[in-house]
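The structure appears right after this line, and notes come after that.
The values are calculated or read from the model by the stated rules, or taken from the named source; none is laboratory data. Here the structure is a predicted model, which means the values were calculated and not measured. Neighbour counts are summed over all protein chains in view; Cβ atoms, including those assigned to glycine, are modelled from backbone coordinates with ideal geometry. Note: areas computed on protein heavy atoms with side chains; ligands, DNA, RNA excluded. Shrake-Rupley method; radii C 1.70, N 1.55, O 1.52, S 1.80 Å.
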Amino acid sequence: MKQGTCAHCRAPFSLTRSDQRFCSTRCSNAGNTRRCEREGCNRPHRAKGLCNRHYKDERYPDQAYAFPDDPEAKRKRDLAKAKRRRAAQRRSDAEDVDRDRVGERDGWRCGICHRKVNRRRAYPDPLSPSLDHVVPISRGGPHTYANTRITHLRCNLERGNRGGNEQLALLG
């Protein structure tokens, strides 16, 4: 049997094929991974020697949509996009519902526990504002201003997709 030297770890190994370059799958995966050519970047290569982030920055220099400086703006944009997609899949009578507008309408009071909702809290916080559907979309409720209310994230997650009288058990 012929002997070869691994192109990644430089260890000697027995060749099973004439074109074999690596001693194992681990060395093959490590040896074949190209990295971004930008200095200091260790992300995997995507195209033209650049990672996904640097490729988009180079290809679309006037747009900062890929990695915005404001994560709250990105969160709002992504939520709106997801809501439009879900509404289009389920119903034709959906509206573009703005969380802040619903909060102003409801006086920033949670529709479930009736306590104040702090509009300045950010998403992972359990007391951050969340948009709740009175009749859940999964149960046939429309995505409209009439069917939405502002809630704490924690209250909304505890309620789940229960609607109507089922939520009274949470309050009592």
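Compare Leu79, Leu15, Leu127 in a GNM of the chain, Cα atoms joined below 10 Å, and give the one with the largest fluctuation.
Looking only at Leu79, Leu15, Leu127, the largest GNM fluctuation is found for Leu15.
Per DSSP H run of n ≥ 4, the term is -39500 (n - 2.57); total these for the chain, divide by its residue number, and report the mean residue ellipticity at 222 nm rounded to 500 deg cm²/dmol. List each step's numbers first, then the result.
Numbers: 6 runs with 54 residues, N = 172.
Per the formula, -9000 deg cm²/dmol.
In debye, nearest 20, what is the charge dipole magnitude of segment 1-61 about its Cα centre with +1 on Lys and Arg Cβ and -1 on Asp and Glu Cβ, if you could check? Don't skip to the answer; put the middle values down first.
Numbers: 14 positive and 5 negative charges, 25 e Å.
Dipole size: approximately 120 debye.
Can you give the extra length, in nm with one decimal, that the chain gains between Thr5 and Arg119 once fully stretched, where that is 0.36 nm per residue apart less the Cα-Cα distance?
Length gained between Thr5 and Arg119: 34.8 nm.
Suppose each label sits 7 Å from its Cα in the direction of the beta carbon; what would the Arg35-Ser18 distance come out to in nanometres?
With each label point 7 Å from Cα toward Cβ, the separation is 3.5 nm.
On a 0 to 90° scale, report how tilted helix 71-90 is relative to the longest principal axis of the chain, with both axes built from alpha carbons and the result rounded to the nearest 10.
For helix 71-90, the angle is close to 80 degrees.
Among (1) 234; (2) 160; (3) 107, find the value of volume of the Cα convex hull per residue in Å³ that was calculated from the structure presented, and write down its label.
After the calculation, the listed value that fits is (1).
Between Ala146 and Arg53, what is the FRET efficiency for a Förster distance of 35 Å, r being their Cβ-Cβ separation, to the nearest 0.05?
E between Ala146 and Arg53, to the nearest 0.05, is 0.25.
How large is the dipole of segment 112-161 about the Cα centre if only Lys and Arg carry +1 and Asp and Glu carry -1, each at its Cβ, rounded to the nearest 20 debye?
The calculation lands at about 200 debye.
R0 = 25 Å: FRET efficiency of Ala82 with Arg139, Cβ-based, nearest 0.05?
Calculated transfer efficiency: 0.85.
Percent relative contact order of segment 3-42, based on C-alpha pairs within less than 8 angstrom and at least six residues apart? Could the numbers behind the result be given before it?
Values: 39 pairs, mean separation 12.7, N = 40.
Once normalised by length, the contact order is 32 percent.
Multiplying the sequence separation of Asn42 and Leu157 by 0.36 nm and subtracting their Cα-Cα distance, what value in nm do you get?
37.6 nm is the gain from fully extending Asn42 to Leu157.
Express in nm, to one decimal, how much length is gained between Asp106 and Tyr60 on full extension, taking 0.36 nm for each residue of separation and deducting their alpha carbon distance. Could the numbers behind the result be given before it?
Numbers: separation 46, 0.36 × 46 = 16.56 nm, distance 4.08 nm.
Taking 0.36 nm per residue and subtracting the Cα distance, the gain is 12.5 nm.
May I ask you to give the solvent-accessible area per residue for the chain, in square angstrom, as obtained with a 1.4 angstrom probe?
I get 70 Å² per residue for the chain.
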